[in-house]
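In what follows, a structure is listed as structure tokens, so that the remarks can point back to it.
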Amino acid sequence: MSFFKKEPWDKPFPEKLAKRVSRIPTGELESWIDQALTEVGKCLSMYTKSRDSVYLEEALKGAEAVHAVTHELHARMTR
């Protein structure tokens, strides 16, 4: 039955992350974005120094978080 069919996930960040972000109060979203950007910067800096792919993977997760939180803030502000 198509009534119960789940919509396909088409966003460039994990659905689990989106669910977590949806529970963050609106007033805290901006600070979450700022923190995630800071972490991405630190990871990229460490990757540049060490060439350890762990830092690059962490930067990718941080970038997904920035996208998810920014997407959520935008959605809430345009409702």
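No value in this document is a laboratory result; all are computed from the given coordinates. Values in this document were obtained by computation on a predicted structure and should not be read as measured data. Cβ atoms come from the backbone with ideal geometry, glycine included; neighbour counts cover every protein chain shown.
Of all residues in segment 3-42, which are of a type in the set (Lys, Arg) and within 20 Å of Glu57 (Cβ to Cβ)?
Lys11, Lys16, Arg20, Lys42
In segment 18-56, what count of residues is obtained for those that are closer than 13 Å to Leu73 by Cβ and among the polar types (S, T, N, Q)?
3
For residues in segment 29-79 being in contact (Cβ under 8 Å) with a residue 40 or more places away in the chain and of a type in the set (D, E, K, R), which is nearest to Pro14 (Cα to Cα)?
Restricting to residues being in contact (Cβ under 8 Å) with a residue 40 or more places away in the chain and of a type in the set (D, E, K, R), the top hit is Glu64.
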